[in-house]
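For reference, the structure discussed in these notes is given below.
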Amino acid sequence: MPTILDGKQVRDAILASLRPRIAALEEAEITPGLAVVLAGANPASEIYVRHKVKACVDLGIYSEKHLPTVDVTTEEMLFLIRSLNDQPHIDGILVQLPLPDHVDDREILMAVHPLKDVDGFHPMNAGNLMTGLPGFRPCTPAGIMRMLEHYKIPIAGKRAVVIGRSNIVGKPMAMMLLHANATVTICHSKTVGLAEECRRADIVVAAIGRPGFVTPDFVNPGAVVIDVGMNRLHDRESVARIFEGNEKKLADFAAKGTVLVGDVHPAVFRDCAAYTPVPGGVGLLTIAMLMSNTVESAELRLARRRGTSIS
Ligand code: GUN
């Protein structure tokens, strides 16, 4: 039977390790602060932002929401980000993606001060990751590394295949696995022989955003499979095809009119060494790592105040 890599367990371990650090900051009269910026009305983003704010409340992290309307201009967004950069009680600025199409997201992400860039998306932090320097790491791949550590999954010397080359997940994931001494291949929509590349892997990370894309012919039976996908299915035909014979999922769909599926086809999970479920896997870790980066940023604020920081 494959091991289920349980996101809740790892999330709880991460959050438990943050509580004493937050208490120590409070003793020094610092409350970590996170500003969340959500532009426009995107239902999925609204749910993510609600969860992020709730995580702050649960931990005693100060948070504030900024909700520019969908017609916000790049200049207005830049003004907001710059004002948040200047506010000492804000340790982290999170700009929820995607932004409205007419807003220049590169310019916005570059405007976030690298020391408040708790998403790790600023080119300076991307460069820090690439060169192995300290800096904020993107939350989803950082959470996956915690997951692999928690379950003592060996990485050094292993073959890892990352499917997907986004700046948010695929590229930083590959870099983190490389720093942990894996032999890393990045695959994408133009890769020739994708299934064959994946079959050679000891660790497969699927981050392509296509429901049930990774099928059993992609995966060798000893592989660890990490599923980053969060795809919401709304049509009965796809649900019946992907979850054939899974009465519970079919009943869920009948009741709610929607079900969540990862990038990995459920049939893969019968035949691999370990896997992350969807929901209940990687998704929970993204928010936990956002909290972790925010606490780290507040600790750096304290270190600067005490004159013991190098940043
Ligand atoms: N949209 C999808 N994933 C993310 C994420 O990790 N951070 C932000 N800011 N937006 C996202």
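If you filter segment 50-82 down to residues that are in a helix (DSSP H, G or I) and of a type in the set (Val, Ile, Thr), you find that the one that is nearest to the chain's Cα centre (by Cα) is VAL53. Here ARG210 fulfils each of the conditions (1) surrounded by 18 or more Cβ atoms within 10 Å (Cβ to Cβ); (2) under 20 Å from VAL282 (Cα atoms) apart from (1). Applying the set (1) within 16 Å of the ligand (Cβ to nearest atom); (2) among the acidic types (Asp, Glu); (3) under 22 Å from ARG306 (Cα atoms) to GLU26 leaves exactly one unmet item: (1).
Going by the conditions given, is LYS52 of a type in the set (D, E, K, R), within 12 Å of the ligand (Cβ to nearest atom) and surrounded by 13 or more Cβ atoms within 10 Å (Cβ to Cβ)? Against the criterion (of a type in the set (D, E, K, R), within 12 Å of the ligand (Cβ to nearest atom) and surrounded by 13 or more Cβ atoms within 10 Å (Cβ to Cβ)), LYS52 qualifies.
Filter segment 82-98 down to residues that are among the charged types (D, E, K, R) and under 21 Å from THR31 (Cβ atoms) and give me whichever is nearest to the ligand (Cβ to nearest atom). Of everything passing the filter in segment 82-98, ASP91 is nearest to the ligand (Cβ to nearest atom). Out of ARG146, ARG165, one residue alone is free of Cβ contacts under 8 Å to residues at least 24 places away in the same chain, out of contact with any Leu (no Cβ under 6 Å at 6 or more places or on another chain) and within 16 Å of the ligand (Cβ to nearest atom). It is ARG165.
With the structure loaded, tell me whether VAL36 is more than 15 Å from the ligand (Cβ to nearest atom) and β-branched (Val, Ile, Thr) or whether it fails that test. Taking the combined requirement at face value, the residue does not satisfy it. For segment 95-119, residues that are of a type in the set (Val, Ile, Thr) and closer than 20 Å to VAL295 by Cα total 3. Checking each residue in segment 17-49 for being surrounded by 16 or more Cβ atoms within 10 Å (Cβ to Cβ), polar (S, T, N, Q) and not in a loop (DSSP other than H, G, I, E, B) picks out only SER45. Residues that are touching a Lys or Arg at 6+ places or on another chain (Cβ under 9 Å) and within 16 Å of the ligand (Cβ to nearest atom) were ranked within segment 236-280; the one that is nearest to ASP217 (Cα to Cα) is ASP263.
Taken over segment 171-223, the criterion of being touching a residue at least 40 places away in the same chain (Cβ under 8 Å) and in contact with a His (Cβ under 9 Å, 6 or more places away or on another chain) is satisfied by ILE208, PRO211, GLY212, PHE213, VAL214, THR215, PRO216, PHE218. Would you mind stating whether PHE79 is within 13 Å of the ligand (Cβ to nearest atom) and among the aromatic types (Phe, Trp, Tyr)? When the stated conditions are applied, PHE79 does not pass them. Of all residues in segment 84-103, those that are over 18 Å from the mean Cα position of the chain (by Cα) and surrounded by 15 or more Cβ atoms within 10 Å (Cβ to Cβ) total 6.
Cβ separations smaller than 9 Å between residues 6+ apart or across chains give the following pairs from segment 85-101 residues that are farther than 14 Å from GLU64 by Cα and at pLDDT 95 or above to residues that are in a loop (DSSP other than H, G, I, E, B) and aromatic (Phe, Trp, Tyr): LEU97/PHE121.
Note on segment 99-134: residues that are within 16 Å of the ligand (Cβ to nearest atom) and either of a type in the set (A, V, I, L, M, F, W, C) or touching a Gly at 6+ places or on another chain (Cβ under 9 Å) (or both) amount to 19. Segment 177-287 holds helices (runs of 4 or more DSSP H) entirely within its bounds, and those carrying 1 or more residues that are more than 24 Å from the chain's Cα centre (by Cα) and modelled with pLDDT under 95 map to 236-242, 247-256. Taking every residue in segment 48-62 that is free of Cβ contacts under 8 Å to residues at least 60 places away in the same chain and pairing it with any residue that is in a helix (DSSP H, G or I) and away from the ligand (no atom under 16 Å from the Cβ), at least 6 positions away or on another chain, the pairs with Cβ-Cβ distances below 7 Å are GLY60/ILE22.
Filtering VAL53, VAL72, VAL57 for residues that are β-branched (Val, Ile, Thr) and under 19 Å from ALA111 (Cβ atoms) leaves a single hit, VAL72.
The values are calculated or read from the model by the stated rules, or taken from the named source; none is laboratory data. Just so we're clear, the structure is a prediction, and the values are computed from it rather than from any experiment. Every residue, glycine as well, gets a Cβ built from its backbone with ideal geometry; the counts of neighbours run over all protein chains shown.
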